[in-house]
Amino acid sequence: MRAASATADAVRGLAGNLVGAGLAAGPLSPYARAGTPGYSRRGTPRAAPTGSVVAVKLTRPVRRASLVVHVAASASWLGLTLGLLALGTAATTTGSAATVEASVRAMKLFADWLLLPVAALTLLSGLVLSLGTAWGLARHRWVYTKFWLTLATATATVLALRPGVNAAVTAVAEGEALPDAGDVLFGPVVSLSAYLFMTVVSILKPWGLTRRGRRLREAGTAGGPTGAGRLRRTA
């Protein structure tokens, strides 16, 4: 009886030591500790919620290269807009016909050869960064807002800014005055305002999660501790 009691005490002591060390709820146990990332209380991986999309995450070198491209393209787009605004201001305020013609022709050169490629590169690199990192495209309001504003600005460049500049160049080439100062000023002013707003949004990252982002976070698929820790570095 004493031997059996001693054996039982030894077994209980060993079990207590295992629990204290956190091994009783380890990989060999059918029950995981509450709060174990990615596991249910029965020790099985949590299934992804219905309708969720598993994004392909970028490697660190690719992510950094994409970030450099995106920042460089965005800064180039902002610089081009400032140049267009300066040229448009010169064309509308000067009394020299030669200065007006030189200004609008320079604006046409920028609009035809630089604006669209830079706009497309900015939009594409932004998509790669959002879809390839824990930020996502529709998880955070600031990312979603910036995407649609970038798309709207690029569209306005094609449908409004370039036609206005082309009309100004045609009129000046025929020896006429500028048909409308708004043709060379309105587009750059609106674009510059949008770019400055997007720059502020990119730095401050306001407004929190979207409805989709909250749903994914509650489901445990919005990046987890590892993805959340990288958010500030990948933005």
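The values are calculated or read from the model by the stated rules, or taken from the named source; none is laboratory data. Model, not experiment: these values are computed from the prediction. Here the Cβ is made from the backbone with ideal geometry for all residues, glycine too, and neighbour counts use every protein chain on show.
Would you tally the residues in region 124-177 being of a type outside the set (Gly, Ala, Ser), more than 9 Å from the chain's Cα centre (by Cα) and farther than 19 Å from Arg211 by Cα?
Matching residues across region 124-177 total 19.
If you check Val158, Val165, which single one turns out to be in the same structural domain as Thr93 (by TED's automatic domain parsing), surrounded by fewer than 18 Cβ atoms within 10 Å (Cβ to Cβ) and either of a type in the set (Ser, Thr, Tyr) or under 16 Å from Thr81 (Cβ atoms) (or both)?
Val158
What is the one condition in (1) modelled with pLDDT of 95 or more; (2) in contact with a helix residue (DSSP H, G or I) (Cβ under 7 Å, 6 or more places away or on another chain) that Trp148 does not satisfy?
Here Trp148 meets the rest and fails (2).
Taking region 67-95 as the search range and keeping residues that are among the polar types (S, T, N, Q) and under 19 Å from Asp180 (Cβ atoms), which one is surrounded by the fewest Cβ atoms within 10 Å (Cβ to Cβ)?
Thr93
With the structure loaded, tell me whether Leu131 is of a type outside the set (Asp, Glu), modelled with pLDDT under 95, assigned by TED's automatic domain parsing to the domain that holds Val184 and farther than 17 Å from Met198 by Cβ or whether it fails that test.
Here the answer is yes, as Leu131 does meet what is asked.
Is it the case that Leu231 is at pLDDT below 90 and assigned to a helix (DSSP H, G or I)?
Yes, satisfied.
Of all residues in region 89-111, how many are under 15 Å from Thr157 (Cα atoms) and in contact with a helix residue (DSSP H, G or I) (Cβ under 9 Å, 6 or more places away or on another chain)?
Count: 4.
Being under 28 Å from His70 (Cβ atoms) and of a type in the set (A, V, I, L, M, F, W, C) is the requirement here; does Ala168 meet it?
So Ala168 fails the test.
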